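Below is one structure, written out as structure tokens, with a few remarks after it.
The values are calculated or read from the model by the stated rules, or taken from the named source; none is laboratory data. Keep in mind that what you see is a predicted model, and the values were worked out from it rather than measured. With ideal geometry, Cβ positions are generated from the backbone for all residues, glycine too; neighbour counts draw on all protein chains shown.
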Amino acid sequence: MRYLILSDIHANRAALDAVLADASGQYDGILNLGDVVGYGPDPNYVADVCRTFSAPTVRGNHDKAAVGLIDLEWFNAAARASAEWTSRTLTSENAAWLAGLPSGPVHIDGFSLVHGSPVDEDEYITGGPEAREAAAGSDANLSFFGHTHVQGGFEVHRTGGVRMVGPGSVVIDESSTWLINPGSVGQPRDGDPGAAWAVYDTAHRTVELHRTPYDVLDTVRRIVDAGLPEILGLRLYRGL
Ligand code: ZN
């Protein structure tokens, strides 16, 4: 089975469409690590498309924010403005779908899906200490996570050593715990503006990390037209 793994799409229609076109024929099923909405100008388009996948999906903090499940005081001004706009804009069907998404970990086919970390859905795995804590708190040898918008991840060896993984191809083995981030489709923060995604092949136990250039200007225009903070568009050019 080959899974297309998507995370942090963030209501970016052009990025999602480009990834689906590029990944076409390379997967048998889709998995979604959350933050379907927030920041971007097309929450209904993206939620409508994601609902048609019928993909196992975990909720992200921006999904929760858009449907009133968390306090917006944790968000910076631009994130708060976008969360308020998103919650006004969502159709009742999409709001109900987002509100019903489970928190991670969700177990699939011998591995697990989380938005932030296996130990806390809102935690960021940004380095060795967080990776070690996540590995210790996970009952799966392989977890896919998002939330940081940084493609790659960590191999935590049973001796406690931590190695960063990616870019390119990652081979999963049994001697370590693997925490892998496909990167963000709709708002990359690792210095590459290309939409990020991954394919996990369960038969070969390989993860391929991919980037797809897309029409950033189209998304920026739509952000401005929606009246969302301009910074949310400008950061897409730099991928930061
Ligand atoms: Zn996110």
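Out of the residues in the stretch 82-117 meeting the condition of being free of Cβ contacts under 8 Å to residues at least 24 places away in the same chain and of a type in the set (S, T, N, Q), tell me which one is surrounded by the fewest Cβ atoms within 10 Å (Cβ to Cβ).
S92
List every residue pair whose Cβ atoms sit under 9 Å apart, with the two residues 6 or more apart in sequence or on different chains, where the first one lies in the stretch 136-156 and is closer than 20 Å to T206 by Cα and the second, anywhere, is within 16 Å of the ligand (Cβ to nearest atom) and at pLDDT below 95.
S143/G104; F145/G104
Would you pick out the residues in the stretch 1-16 that are of a type in the set (K, R) and either within 14 Å of the ligand (Cβ to nearest atom) or part of a strand (DSSP E or B) (or both)?
R2
Considering every residue within the stretch 28-41, establish whether at least one is under 25 Å from S117 (Cβ atoms), assigned to a helix (DSSP H, G or I) and modelled with pLDDT of 95 or more.
For the stretch 28-41, residues under 25 Å from S117 (Cβ atoms), assigned to a helix (DSSP H, G or I) and modelled with pLDDT of 95 or more: absent.
May I ask you to verify whether G68 is in contact (Cβ under 8 Å) with a residue 12 or more places away in the chain and under 19 Å from A196 (Cβ atoms)?
So G68 does not fit the description; no.
Only one residue in A79, A134 is under 25 Å from E230 (Cβ atoms), small (G, A, S) and surrounded by 14 or more Cβ atoms within 10 Å (Cβ to Cβ). Which one?
Within the list A79, A134, the selection yields A79.
For V170, indicate whether it is of a type outside the set (F, W, Y), at pLDDT 95 or above, more than 26 Å from A21 (Cα to Cα) and surrounded by 14 or more Cβ atoms within 10 Å (Cβ to Cβ).
Considered against the rule, which asks whether it is of a type outside the set (F, W, Y), at pLDDT 95 or above, more than 26 Å from A21 (Cα to Cα) and surrounded by 14 or more Cβ atoms within 10 Å (Cβ to Cβ), V170 comes out as no.
Suppose we filter T126, T159, T148, T89 for residues that are under 23 Å from V36 (Cα atoms) and over 17 Å from the mean Cα position of the chain (by Cα); which single one remains?
Exactly one residue qualifies, and that residue is T89.
Scan H149, H107, H62 and give me the residue that is in a loop (DSSP other than H, G, I, E, B) and either farther than 19 Å from A11 by Cα or in contact with an Asp or Glu (Cβ under 7 Å, 6 or more places away or on another chain) (or both).
Just a single option satisfies the conditions, and that option is H149.
Among what's in the stretch 145-167 and is among the small types (G, A, S) and more than 16 Å from the ligand (Cβ to nearest atom), pick the residue that is modelled with the highest pLDDT.
Top of the filtered list is G161.
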